[in-house]
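Have a look at the structure below before the remarks.
The values are calculated or read from the model by the stated rules, or taken from the named source; none is laboratory data. Keep in mind it's a predicted model, so treat the numbers as computed, not measured. As a convention, Cβ positions derive from the backbone with ideal geometry for all residues, glycine included, and neighbour counts pool all protein chains shown.
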Protein chains: 2
Amino acid sequence: MYETLAVVGATGAVGRIVLQQLVDRDFPYKRLKLLASSRSVGQEVRVKDETVRIELLQPGAFKDVDLVIASTPDEVSAEFAPYAVEEGAVVVDESGYWRMDPKVPLIIPEVNPDAINDHQGIIASPNCSTTQMVVALAPLHHAATVKRVVVSTYQATSGAGLAGNVELEASTKAILNGQAPKSETFQHPIGFNLIPQIGSEKHEGYTSEEMKMVYETRKILGDDQIQVCPTAVRVPVTVGHSESILVETEKPLSVQQATELFRSAPGITVVDDLPNHGYPMPRDCDGKDDVFVGRIRRDISGNGNSIAFWCVSDNLRKGAATNAVQIAELLQKSVASAN
Amino acid sequence: MYETLAVVGATGAVGRIVLQQLVDRDFPYKRLKLLASSRSVGQEVRVKDETVRIELLQPGAFKDVDLVIASTPDEVSAEFAPYAVEEGAVVVDESGYWRMDPKVPLIIPEVNPDAINDHQGIIASPNCSTTQMVVALAPLHHAATVKRVVVSTYQATSGAGLAGNVELEASTKAILNGQAPKSETFQHPIGFNLIPQIGSEKHEGYTSEEMKMVYETRKILGDDQIQVCPTAVRVPVTVGHSESILVETEKPLSVQQATELFRSAPGITVVDDLPNHGYPMPRDCDGKDDVFVGRIRRDISGNGNSIAFWCVSDNLRKGAATNAVQIAELLQKSVASAN
């Protein structure tokens, strides 16, 4: 067992849920250390029966740490992860910085747990919109080989952290009160609006968020032939990313086969009863750990080898905190089996 | 010129804008008659310099009417349109009831104006989500032949009429106040939520709204070979439908060619400047008549013959009122040229 666990970025939208998940999932550790930037240092956080004071994230902070779960911006991770590893810790990182590094495994425990064996100190958790999509694609890929994915996202404001939700609420209230909404976290006012840009322009008119869905999907599924056309859109929803997905496979899959594959895959809950208004919605998935799939149907525009479906998951949980804690559990198991 | 114009359903979300459009576009008529169900009869509506009292929609009401613009539910249109035609009027109908009738032209004036010549008294205006998509597809179809469309919609609550917007506001306020939101117009609470169902189940797991986008697109573009895979989703936005569209064409189109085709097509405004956060959004398109297109890019999942783009339009205007008034203008022109 790893004895001393550090959580970096514990006061953020994802960090808070990481702490909650450690308690809820009864994650084994002897000592818990919370690290953050100078802004949060000295704050006290209640975790299970103990009150933990936040310490400064700086070189030397990991000398007594075995395992780190970190939710920080990319540039913070770029700086601290190397010295954390040098000081002897294993880092489970939720930032985007290390994901495509060939030396860093990019892990969804239900999908590619074995890739963790190659780690060299840093293990990355995928982008939120990628994680839920790949959890859903994996069983189809193993059964029928995914060739092409067309995905349009409907992404919650909490993907931009606590500030995103604060801005959605303020923007919504301003509009309801007939005032001009402000935008600081997002490029434009988000209240009662949609913003078809997440991240900055990256490649041929696609954004950084969209290209993550291309590159990370290939890396996790271990198949560089998978083609993805993503459109990432911010919607005025607090928690829960939704995705409209069309998937073309090498072998044909019937709707019944696809549904069975979803049903028997770990981490997926199927909610698919259109006549009775049953399908996944952000409101119902908020606070749940699974990836929810519904509206499973034949692609009526395709040549018989494609399926359309709708996929929702709590972006702060499976899209971030839950997946990171699951990676940490996987590490605990491999340490346990090595001992 | 048609001398007496009747507007049916003038107090609804679309009907109000029809009246406004008649004024704004200086639509020629000598006498205006407003017709509605018994609930609205006797109400007075101010149109330009005149106050018009709403009369009952019933047999006999069209004896002195030449031209009708109607925004009513399907079942109302099914009943009144035949007797309106029998009494000598031409009906421009925005309901879904007549659209797929082989004797009824389904018209977008920028796309298929000539089809109006075959009318037998009823002319249909397409479904809102279809109209904006087909306005955008038409120039690509004429240049390169559209083979397949994959579309995910982000549809505003005003698509369900004034009651839809009232429910969005009430639902949003309830959630902001920590109360349980109600749902009557929609299947589920819409505040800060998404509902991946518009209409009822119609065909192989697709909804009636989705199948309209399949059938109406083929009819308007006059090409039964066009394949469409739609996913229609209600979003917490008041006005303005958005669509993430992937289009495969027979002949390849570069991004530059597609952009030029959009720019030179009537009724389309291109807003496409991702580095400077420029793209269409519902907030900016509310109250405008055009179809707005942006995020135009190569489909990086395709074989070279497909383009992805983002399309927004005011669903009450080009999606309904504006298109109907444009059809009426087209009729006026054909009457004028015949005289």
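Listed values, structure above:
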{"item": "B:GLU75 being in the same structural domain as B:ALA324 (by TED's automatic domain parsing) and at pLDDT 95 or above", "result": "yes"}
{"item": "Members of the range A:189-203 found to be surrounded by fewer than 18 Cβ atoms within 10 Å (Cβ to Cβ) and part of a loop (DSSP other than H, G, I, E, B), listed by number", "result": "A:GLY199, A:SER200"}
{"item": "Residue match in the range A:213-231 (condition: crowded, with 23+ Cβ neighbours inside 10 Å, in contact with a Phe, Trp or Tyr (Cβ under 8 Å, 6 or more places away or on another chain) and within 7 Å of chain B (Cβ to nearest Cβ))", "result": "yes"}
{"item": "Top-ranked residue in the range A:241-292 [being hydrophobic (A, V, I, L, M, F, W, C) and farther than 23 Å from B:GLU201 by Cβ; ranked as surrounded by the most Cβ atoms within 10 Å (Cβ to Cβ)]", "result": "A:VAL291"}
{"item": "Candidate set: the range B:161-189, residues that are aliphatic (A, V, I, L, M) and at pLDDT 95 or above; chosen: the one nearest to the chain's Cα centre (by Cα)", "result": "B:ALA163"}
{"item": "Elements of type strands (runs of 3 or more DSSP E) in the range B:24-135, at least 2 residues being buried (at least 22 other Cβ atoms within 10 Å of the Cβ) and in contact with a strand residue (DSSP E or B) (Cβ under 7 Å, 6 or more places away or on another chain)", "result": "B:31-36, B:67-70, B:90-93, B:122-124"}
{"item": "Qualifying residue in the range A:140-151 (condition: basic (Lys, Arg), assigned by TED's automatic domain parsing to the domain that holds A:ASP286 and within 26 Å of B:SER306 (Cα to Cα))", "result": "yes"}
{"item": "Qualifying residue in the range A:186-200 (condition: closer than 22 Å to A:GLY294 by Cα and either of a type in the set (A, V, I, L, M) or at the interface with chain B (Cβ under 7 Å from one of its Cβ atoms) (or both))", "result": "no"}
{"item": "Residue satisfying all of: in the range B:299-308; surrounded by fewer than 19 Cβ atoms within 10 Å (Cβ to Cβ) and modelled with pLDDT of 95 or more; nearest to the other protein chains (Cβ to nearest Cβ) among these", "result": "B:ILE300"}
{"item": "Meets criteria (among the charged types (D, E, K, R), in contact with a strand residue (DSSP E or B) (Cβ under 7 Å, 6 or more places away or on another chain) and more than 22 Å from B:SER301 (Cα to Cα)) for B:GLU216", "result": "yes"}
{"item": "Matching entry among A:LYS63, A:LYS33 (being modelled with pLDDT of 95 or more, within 24 Å of the chain's Cα centre (by Cα) and under 20 Å from A:GLN332 (Cα atoms))", "result": "A:LYS33"}
{"item": "Members of the range A:119-156 found to be farther than 21 Å from A:LYS103 by Cα, more than 11 Å from the chain's Cα centre (by Cα) and away from chain B (no Cβ under 14 Å), listed by number", "result": "A:ALA136, A:ALA138, A:PRO139, A:LEU140, A:HIS141, A:HIS142, A:ALA143, A:ALA144, A:THR145"}
